[in-house]
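Heads up, the thing below is written out as structure tokens.
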Amino acid sequence: MTDVLVIGGGIAGLSAAARLSNLGEVRLLERETALGYHTSGRSAALFEECYGKPAVVALNRASHRYLAEANGGVLSPRGLLMIAGDDLKAAFDADVAAMELALIDKDRARALWPDLNPASFTMAAYGAHAWDIDTDRLMQNFAREVRANGGTISTKAEVRAIRKTRSDWEVELTTGETITAQILVNAAGSWADRVAEMAGIPTIGFTPYRRSMGRIPAPGGADVSGWPMIFGAGETWYAKPDAGALIVSPAEEVLMEPHDAFADDMTLAEGIARYEEHMQTPVTRLLSSWAGLRTFAPDRQLVLGPDARDPSFVWSAGQGGYGFQTSPAASALVADLVAGRQPELDGKTVAALSPARFA
């Protein structure tokens, strides 16, 4: 018997387990061999406060201090550069306003990203308020908190069946083990609706979308460590320094069934071509590629808190592309709602994230 059972070992489940471990005994289940195996382990890992819809932005801002300071902090400076031609002026203007970027001239843009082809863009904007997230360190910090509070993290623990008794949840694993818990937390990422179905809880209507990524050599062997992340207006592609190379994404959203995602070669090639159009150095080889599933609720905002029909079933799902940067505030909100405490977030934001909006 445990107080809280969390299904899902990505950043959503791990951060929720850490916060809830301060309330009682917690056990976390991850069906894969390691934590963060799927989308959490394939993130571009950028913190940008203004990225997302209003409730997501509120979570970002509420998470900033924790990410910057807790356990020594997990943020390092990166910056965000956006470029566009005249044909994308409307998208450029919208992105600049939403992300609170400052207009800069071509010379400044090329000083920030020296490989830019000056003939490929007419507009540029920049913001220093974007940081890399050390995602591994953040996940390990949350894992240590779980264990320090007496919690248990189980990998290779796949759920086969979920039953609700008069007072508890019974969760059967494929190993044959049955776990009883008072509270069940659904942090199963792209599989969140499937977990709800197993538990007899009405589904939300989550949609997983594939996003492909490729790693390419640094142009001309340059030291790219100080270059910012760069976006094409309208998020039609982006690139970011990573461990001496660059990661490039076509920023696609292709509807998928939950699975262990892999990059689509044609889509990735098209994205790299869009990136290459703006650069002076051609891309001659691909070092590696991968993909993740970014899972959204119908309104593209996270689903956090007890289910409106059964408060013993708790949602921590629909992170989309915002999981790491919202995790401190999102997990704190889940714990506050489970504990019956007044959340630090304002009432409008809490309502916008509540599962009750789909009841």
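Nothing in this text is a laboratory measurement; each read-out follows from the coordinates by a stated rule. Remember, predicted model here, so these are calculated numbers, not experimental data. Methodologically, a virtual Cβ is constructed for each residue, glycine included, from the backbone with ideal geometry; neighbour enumeration extends over all protein chains shown.
Calculate, in nm to one decimal, what residue 255 and residue 177 gain on full extension: separation in residues at 0.36 nm each, minus their alpha carbon distance.
Computed gain between residue 255 and residue 177 is 24.7 nm.
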Cβ neighbours within 10 Å, averaged per peptide: list 273-279, 21-27, 323-329 in order, most packed at the top. 323-329, 21-27, 273-279
May I ask which residue of 250, 99, 155 lies farthest towards the positive end of the charge dipole of the chain, with charges of +1 (Lys, Arg) and -1 (Asp, Glu) on Cβ and the Cα centre as origin? 155
At a Cα cut-off below 16 Å, give the aspartates and glutamates reachable from residue 156, other chains included and same-chain residues fewer than 8 away excluded. 30, 32, 172, 177, 260
Return, ordered by residue number, the residues of the range 338-359 whose backbone nitrogen is under 20 Å from a label point located 7 Å along Cα→Cβ of residue 3. 338-344
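About its Cα centre, what dipole magnitude does the chain give when the only charges are +1 on Lys and Arg Cβ and -1 on Asp and Glu Cβ, stated in debye to the nearest 20?
With Lys and Arg at +1 and Asp and Glu at -1, about 580 debye.
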Binning at 10 Å from 0, report for the range 37-163 what percent of all alpha-carbon pair distances ends up in each bin. 11, 30, 28, 18, 9, 4, 0
At 1.567 mPa s and 4 °C, Stokes D of the chain from Kirkwood alpha-carbon radius, µm² per second: 62
Give the percent of DSSP beta bridges with both residues in the chain that are antiparallel, rounded to the nearest 5. 70
From phi via Karplus (6.51, -1.76, 1.60), per-residue ³J(HN,Hα) for the range 333-341 in Hz, x at Gly/Pro: 5, 4, 5, 4, 5, 5, 7, x, 8
Could you give me the ³J(HN,Hα) list for the range 146-157, computed from phi with Karplus coefficients 6.51, -1.76, 1.60 and θ = phi - 60°, whole Hz, x at Gly and Pro? 4, 5, 5, 8, x, x, 10, 10, 10, 9, 6, 10
Farthest towards the positive end of the dipole of the chain, among 298, 219, 202 and with Cβ unit charges of +1 on Lys and Arg and -1 on Asp and Glu, lies the Cα of 202
Pairs over 25 Å Cα to Cα, from 53/89; 164/348; 53/106, come to 164/348; 53/106
Calculated from backbone phi, Karplus (6.51, -1.76, 1.60) coupling profile of the range 199-214 in Hz, x at Gly/Pro: 8, x, 9, x, 6, 8, x, 5, 10, x, 10, 6, 9, 8, 9, x
Sequence-distant or interchain residues sharing an amide H contact under 5 Å with residue 10, placed H: which? 36
At residue 147 and residue 342, where each label point lies 7 Å from the Cα along Cα→Cβ, what is the point-to-point distance in nanometres? 3.7
Contour minus Cα-Cα distance for residue 102 and residue 165 (0.36 nm per residue): 17.0 nm
Of all alpha-carbon pairs in the range 157-207, indicate the percentage at a distance above 17 angstrom. 32
